[in-house]
Every structure is written in structure tokens, then in C-alpha cells.
Amino acid sequence: MKCVYCGSEESKVIDSRASEELNAIKRRRECLGCGRRFNTYETIELTPIMVVKSNGNRERFSKEKIRTGILKACEKRPVSVADIDTLVANIEKEIYSSLEEEVSSKVIGEYVMEGLKKLDEVSYIRFASIYKKFKDISTFFDFVNEFESMLKDGDAVENIKKK
């Protein structure tokens, strides 16, 4: 590891710790050339996953896009940022654990809807109104009525996935 101060390539590790928020190992190093100390982070290099959009285009998977969509759906709702970050992390984990190189945007949308349903019903409806691309207000009301009846049945998530 090159020293950021003098450029020497000789350093020793003084301390190593797991950095949970970054999924990395933080290493405290001391340069053997100048004696100054600096931090480095070691992370796992993941194979990029491509998202197949509904129009057939492909783009690199981005958890930030998922987070942005969830934040918009949860705006002005009693949902904590910690809960949103947990949902995003769970979706990312689900996608990477599938071991697939490509995932459809529809699958990602279903993961988000399933998670939002458990977090906040209003946020779920907001996200669904964009994700499902309702053609008119009657289609939207039909969806809300179905959702309400599924909640009464107690099997909402499984019924919603079938739609």
C-alpha cells in the first residue's frame, strides 16, 4: 500500500477492524518510510449485476436507485431512514444471493413492494401507483380495494405477488 504522504510502498498494519456500515475491513497503517499513519479500507469486489429493464435495455444494478425510489414513496411518512436502509440492504442481499448475472426490473420492483408493504401501507400504495402504471383512476381504486381485501384475508403479500 502506497503512503499518501511520501509515496513509500512499505507500511505495516497497526490495527484491523470490521467496518459494518461499509462492509469493509478498516486497517490502520504506519508508513515505514516517513512514520506517518493512515487508514485503508478493504472491500469485496462484487461481480456486476445487470438489470434488464422492461424495454429490454440493460444497466448496471444500483442500490442507490432503489433507495431513491423508496425514499420518494416514504416521503412525509413515519418511516425511519434506518428502516429504509435495512430494506435496501435486504433487497441487495436477495439479488446478490440469487447468483444470477442479470435480474429483471420487475423482480426488483416486487422485492421493493413486498418490503414497503411490511413497512408502511401508504408508501406501498404510492410506490405501486408508479410501478404498476395505472391507466386511470378507476384502475387505481380497483388496486386499492383489492389490497384492502387482501389485508383482511391476511395473505396480502402472496396475493399481491400473483398480480
**Report entry** Yes/no for TYR96 being open to solvent by 40 Å² or more (accessible area, probe 1.4 Å), in contact (Cβ under 8 Å) with a residue 12 or more places away in the chain and not basic (Lys, Arg)
**Finding:** yes
Requested in this report: Return only the number of the condition from (1) under 14 Å from the mean Cα position of the chain (by Cα); (2) under 30 Å from CYS3 (Cβ atoms) that ASN90 does not satisfy.
Outcome: (2)
Report summary line: Of the residues in the range 23-39 that are open to solvent by 60 Å² or more (accessible area, probe 1.4 Å) and without any contact (Cβ under 8 Å) to a residue 24 or more places away in the chain, the one that is farthest from the chain's Cα centre (by Cα) is ARG37
Query - Residues of the range 99-125 classified as touching a residue at least 40 places away in the same chain (Cβ under 8 Å), assigned to a helix (DSSP H, G or I) and either open to solvent by 90 Å² or more (accessible area, probe 1.4 Å) or in contact with a strand residue (DSSP E or B) (Cβ under 8 Å, 6 or more places away or on another chain) (or both), total - result: 3
Report summary line: Of the residues in the range 58-81, those that are more than 16 Å from the chain's Cα centre (by Cα) and open to solvent by 90 Å² or more (accessible area, probe 1.4 Å) come to ARG58, GLU75, LYS76, PRO78
**Report entry** Residue count for the range 82-93, restricted to those that are open to solvent by 60 Å² or more (accessible area, probe 1.4 Å) and in contact (Cβ under 8 Å) with a residue 12 or more places away in the chain
**Finding:** 3
Report task. Just one of (1) surrounded by 14 or more Cβ atoms within 10 Å (Cβ to Cβ); (2) at pLDDT below 85 trips up THR47, so point out which. Result -> (1)
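The values are calculated or read from the model by the stated rules, or taken from the named source; none is laboratory data. Computed from a prediction, not measured in an experiment: that's the story for all the values here. When we count neighbours, we look across all protein chains shown, and the Cβ atoms used for this are built from the backbone with ideal geometry, even at glycine. Ligands, DNA and RNA are stripped out before the accessible areas are found, and what is left, the full protein with its side chains, is counted by its heavy atoms. Shrake-Rupley method; radii C 1.70, N 1.55, O 1.52, S 1.80 Å.
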